[in-house]
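Undergrad: Below are the structure tokens for one structure; questions will follow.
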Amino acid sequence: HVKSSQIAALLPSPIKEANSTVAHACQLSCETSVKMTEAQLALIESALRHELSQHEGRGAIMGDWLKIPHSPLAGDSISFHLPLHRALARSIRSICSVVVPDESRISEPGSWWKLPVLDDDFPALPKGVNSDPGSLILQHPLCALLRPTLRSSNCRVVWSAGPDCSTPEAQLRRSRSRAVSAAIASAKIVHSLCDHPLRCLAASQQIERHLWARNGSSATGMALNYGSAPLCRSFRDLDLTLVQLSASGLSIGLGARRVFSLLVNRFSMDGYLCDPKLTSGTGSGASRSSSPTSGGSYGGGSSVW
């Protein structure tokens, strides 16, 4: 989900005032489609335009304001079965093991080590130039790959002027919704490449420390196979590869800062690492911070990515 307060904290004052009527939060977690108002769409477009104008050339978009709450200890589902993620990790390790000829290293000193798509830089955006929202949003390398697979139902917008409009206006609406839909899809993929393997790593450690004792020997057996040789080479080691890849700062990665924050949250350490002096309101900091089983919002408390 996206909270308007989180987006507004990133925007300059003129953009905040222009989008002050937006709802408190915009739900982006629906598996099949996302529904938002035109005001919410305009706020996300403004945030993306501002974010991309300040972008350093690589990394995740929506990285600082897209939150995905998840807490297996509070009842959320968890699965150790991640065949697509681990297939990608195995492919990346295979590509990295290829020997690059010296001629390529000499002729392309700044790019011979880059992985196609996974480490493509964002195109340079001239600052202070007002461009079409779609052209700015579609700068992430994954958007070009995802856009042909998207359907109009992936992002439904409730337009303030109603469904009836002229042909040019209909094309503009379609372009805006598809651009935001591609940005949301790419942000979710970049996040999931780190989040889902990290959930498995956290669950394995929790099971080994008897936090899942009510699940019986089946959970213990899964954790044992997940983290013990030789099966760990096909499970835990590949998950660690994806987490390391995301933390390394590639275009499909969250970056070290966001990965660390995600790691703290998925291991349910938010409440233990919260500074009581920074906790607002009455009562002790420990009582107001997130507990390991609270299932609170991702990155809860006063923590920020």
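Undergrad: Filter segment 213-223 down to residues that are open to solvent by less than 90 Å² (accessible area, probe 1.4 Å) and farther than 12 Å from Phe80 by Cβ, then give me how many there are.
TA: The total comes to 4.
Undergrad: Which condition from (1) modelled with pLDDT under 80; (2) open to solvent by less than 90 Å² (accessible area, probe 1.4 Å); (3) not acidic (Asp, Glu) is the one that Gln54 breaks?
TA: For Gln54, the failing item is (2).
Undergrad: Still on this model: Identify all residues within segment 57-98 that are aliphatic (A, V, I, L, M), under 25 Å from Ser181 (Cβ atoms) and modelled with pLDDT of 90 or more; write none if there are none.
TA: Leu82, Leu84, Leu88
Undergrad: Quick one: is Asp132 more than 20 Å from Glu45 (Cβ to Cβ) and at pLDDT below 80?
TA: no
Undergrad: Here's a follow-up. If you scan segment 152-190, which residues turn out to be open to solvent by less than 40 Å² (accessible area, probe 1.4 Å) and modelled with pLDDT under 80?
TA: Ser153, Asn154, Cys155, Gly162
The values are calculated or read from the model by the stated rules, or taken from the named source; none is laboratory data. Keep in mind that what you see is a predicted model, and the values were worked out from it rather than measured. Glycine also receives a Cβ, built like all others from the backbone with ideal geometry; neighbour counts cover every protein chain displayed. Side chains are part of the model used for accessible areas, which takes the heavy atoms of the whole protein and leaves out ligands, DNA and RNA. Shrake-Rupley method; radii C 1.70, N 1.55, O 1.52, S 1.80 Å.
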